[in-house]
Structures are given as C-alpha cells and as structure tokens.
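Okay, here's the structure, questions in a sec.
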C-alpha cells in the first residue's frame, strides 16, 4: 500500500509539472507562495507573464495558476518592483520594451505598455531612493532612459556614443551608489548577439554626465561582455559578471582619485563554469551568482568584500539565470534559460533547499507547455539593483 501511495504522489507531481519532489512534511498543507514568471513561447504563440506556486509545502507546488499573455515577440525579460513595492514592471527585449504589471488580489489584472521613446531592447531598471525617477538600460539603442516614477513618463535619455573615451554602448546592467553619486552601466553585446563589449561606464547620477569607461576583460582585445553590475548595499564596492570569459570583478571607488580601481576576483573556467549572469545578496548575507553553464549557482562569503570566498556551489540546470528566495530564507529558486540559446535552455525552475544545498525539485510546467521561463520574482518581494 505504501509503495502504491508513493507512486500516486509521484505521478500527480509529474502531471503538475514537478519532475521530482516528495514532501517530508505532515499535517495541513501550507498556502501557495505565488511568483510572477516572465515567459516566452517556443511554438510561435504569445509571450507573457505567469503566476506559479513555489511553496514546496503547498498542494499546488509547481503549478502554473495563471497566464497573462502579452503578444508574439514581446520577450519579457526582467521583473522589478519599484522602491516601495507598490508597482511591478517587466522590461522586454521586443514589444514596447517596458510594461506595468497590475496585480490585484494575488492575480494579474492587466499588463500595460509604457512609452519608451527611442529605447530598443529594454533590459535592467534602477529606482531612485527618493522614489522620483527610474532608469532603464536600452541595449539596442546605446542609452539609459530616465522616467518619472510617479507617472511612468519618459523624461530624458543619457547617451555618450562610442568611440569617445567615455561612452555608453550596449548597456545592460545598471547599479547606483547614491551616496557616491555614481551610476555604473555595463557594455554587454548587441541585440544580434555580436559585437560583445569589454567595459563598464561610470555616470554622475545627479547630472547624467558620463565620467569614465573602464576595461573589464581578462585579456586585452578579448571581449568579456560584462552583463550585470551590483553595488553592495551601503558600500563603495561593486561587483561585475563577465559573461563571455567566466569572470567576476570588483570595482572599488577611490575617493582620492574620484575613480574606480578594477580587478578580477574569480574565474569560473578552471572549475568548468562559464556564462556568469545574475548576482544577488541572499538572505544569509552571502553573494549568489548564477552560471548558465553547466547550470549552477555559486555562493560567496563576502564578509571581506575585497576578497569574496567561494563556499559552495548549488545545483540548478542548463541556462541558470535569475534567482528568487523564499521569504523565510529556506529555499532558492532559479529559472534556467538564457535567450533560449542551445545548451542554456533547460526551461525548468530549480528549487533548492538552502540548509542542505540539495536540489528538491525541477519544475517543468513551462517546458510541458512549449514555454521558456525568463525571469521570476515573488509577489510582494521588492527586487532592486
């Protein structure tokens, strides 16, 4: 009888889009933990945003409970809450490049486009601490678009065309230290996935004046395509992921020279790790960095931020990309897809127990519907760079 019950549990989980997960909990099931998940269609259908239950102790764990379509070729890419968590946005590689996601009663009510003017290929957002403005990197039009955060209206653009000594080109990542009055954006790659970059650019945050461009590459002339940049909260140091050369960098603000000192702090190649993408400070204060190949998340002790120390590598899947943590800090969830590129498009969402470091589930509900998850954030959790 016990074997039959276990078989029924496994079959039910598989049908719901859970590759494996047998709960060790007993008693009353917990309520769902809903996450918004951007997705793209692999079959020519509409892209959109779904709600999925990511509570491992819920009866509907791994189930897609709602899909809100946005249109064919929109390619929603990064989900962000604003500074106070009152608005949810998604950037998009196609379509209108930026959308407001209206959430009502734990459901998506509607998704409306925001006028982004000449912006092409919307990537990352930054929301000012005073709540007045937000900033969107436009990888396809070499600019940072500036918006009124109250009305979602476009105010201006920050541009500095190459080949000037300080320039903005293919910007993707963005992070700001407002105390230093410095914004940093990365030079990543063109929308056609050619012309990869090898630099980051510092901008005076208060004025939009472009200050300096710094090389970020292990070997001169070999592009690293730095993709994300992250200032540590309250500190004068930022980290950068070098997507194409498996590198992790630090940028130290030098108060005496009013410039950055840049140095590499980790190299994934000797470990067989490549395509580092997203960075997050986790609930335990450690730095979590996703590596799309082979599909893992590295955890770094950053108590000494000048010398991050790799402490463990957590399992994910091919294309490991964005990360979300449960409110209680017990679980990590990773969407495994990078632009549906071969070898980096598992299409699953990995659930990892952070206490044990073990993979507890590979959620394949999107794969079963011919979809690829592209980013995720829990409803009500603020996601800021």
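Only one residue in 253, 275, 249 is in contact with a strand residue (DSSP E or B) (Cβ under 9 Å, 6 or more places away or on another chain), under 26 Å from residue 179 (Cα atoms), touching a residue at least 24 places away in the same chain (Cβ under 8 Å) and buried (at least 22 other Cβ atoms within 10 Å of the Cβ). Which one?
249
Within the set of pairs 6+ apart or on separate chains, which have a first residue in region 192-208 that is at negative phi, a second that is modelled with pLDDT under 95, and C-beta atoms under 7 Å apart?
Partner pairs satisfying both residue conditions: 196/223; 197/223; 198/217; 198/223.
Of the residues 292, 351, 318, which is outside any loop (DSSP other than H, G, I, E, B) and under 19 Å from residue 40 (Cα atoms)?
Details: 351 fails: under 19 Å from residue 40 (Cα atoms); 318 fails: outside any loop (DSSP other than H, G, I, E, B).
None of the others qualify; the one that does is 292.
With the condition kept exactly as written, say whether any residue in region 372-385 is surrounded by 21 or more Cβ atoms within 10 Å (Cβ to Cβ), in contact with a helix residue (DSSP H, G or I) (Cβ under 7 Å, 6 or more places away or on another chain), part of a strand (DSSP E or B) and at pLDDT 95 or above.
Looking through region 372-385, at least one residue is surrounded by 21 or more Cβ atoms within 10 Å (Cβ to Cβ), in contact with a helix residue (DSSP H, G or I) (Cβ under 7 Å, 6 or more places away or on another chain), part of a strand (DSSP E or B) and at pLDDT 95 or above.
Within region 89-140, restricting attention to residues that are modelled with pLDDT under 95 and part of a loop (DSSP other than H, G, I, E, B), which residue is surrounded by the fewest Cβ atoms within 10 Å (Cβ to Cβ)?
Here the residue is 105.
Out of everything in region 304-314 that is touching a residue at least 12 places away in the same chain (Cβ under 8 Å) and part of a strand (DSSP E or B), what residue ends up being nearest to residue 263 (Cα to Cα)?
Top of the filtered list is 310.
Follow-up question, since we're still on this one. What is the one condition in (1) assigned to a strand (DSSP E or B); (2) out of contact with any helix residue (DSSP H, G or I) (no Cβ under 6 Å at 6 or more places or on another chain); (3) buried (at least 20 other Cβ atoms within 10 Å of the Cβ) that residue 338 does not satisfy?
All conditions are met except number (1).
Moving on. Sort through 301, 327 and tell me the only one that's surrounded by fewer than 19 Cβ atoms within 10 Å (Cβ to Cβ) and touching a residue at least 60 places away in the same chain (Cβ under 8 Å).
Unique residue meeting the criteria: 327.
Give the residues of region 141-176 that are under 24 Å from residue 239 (Cα atoms) and part of a loop (DSSP other than H, G, I, E, B), sorted by residue number.
The answer is 142, 159, 160, 162, 165, 166, 167, 168, 169, 170.
What's the number of the condition residue 74 fails, among (1) in a strand (DSSP E or B); (2) surrounded by 17 or more Cβ atoms within 10 Å (Cβ to Cβ)?
(1)
Can I ask one more? Might you let me know whether region 62-70 holds any residue that is farther than 16 Å from residue 374 by Cβ, over 21 Å from the mean Cα position of the chain (by Cα), part of a strand (DSSP E or B) and modelled with pLDDT under 95? Talk me through it step by step, then tell me what you get.
As a first pass, look at region 62-70 and keep what is farther than 16 Å from residue 374 by Cβ: 62-63, 65-66.
Checking the rest, the ones that are also over 21 Å from the mean Cα position of the chain (by Cα) come to 63, 65-66.
Still in the list and also part of a strand (DSSP E or B): 65-66.
After this cut, where a residue has to be modelled with pLDDT under 95 as well, the list is none.
Checking region 62-70: not a single residue is farther than 16 Å from residue 374 by Cβ, over 21 Å from the mean Cα position of the chain (by Cα), part of a strand (DSSP E or B) and modelled with pLDDT under 95.
Could you tell me how many of the residues in region 278-298 are in contact (Cβ under 8 Å) with a residue 40 or more places away in the chain and more than 18 Å from residue 375 (Cβ to Cβ)? It would help to see each step written out before you state the result.
Initial filter on region 278-298 (in contact (Cβ under 8 Å) with a residue 40 or more places away in the chain): 278-284, 287-293, 295, 297.
If we keep only those that are more than 18 Å from residue 375 (Cβ to Cβ) as well, we get 283-284, 287, 293.
Qualifying residue count for the region: 4.
The values are calculated or read from the model by the stated rules, or taken from the named source; none is laboratory data. For clarity, every value in this text was computed on a predicted model and none was experimentally measured. Here the Cβ is made from the backbone with ideal geometry for all residues, glycine too, and neighbour counts use every protein chain on show.
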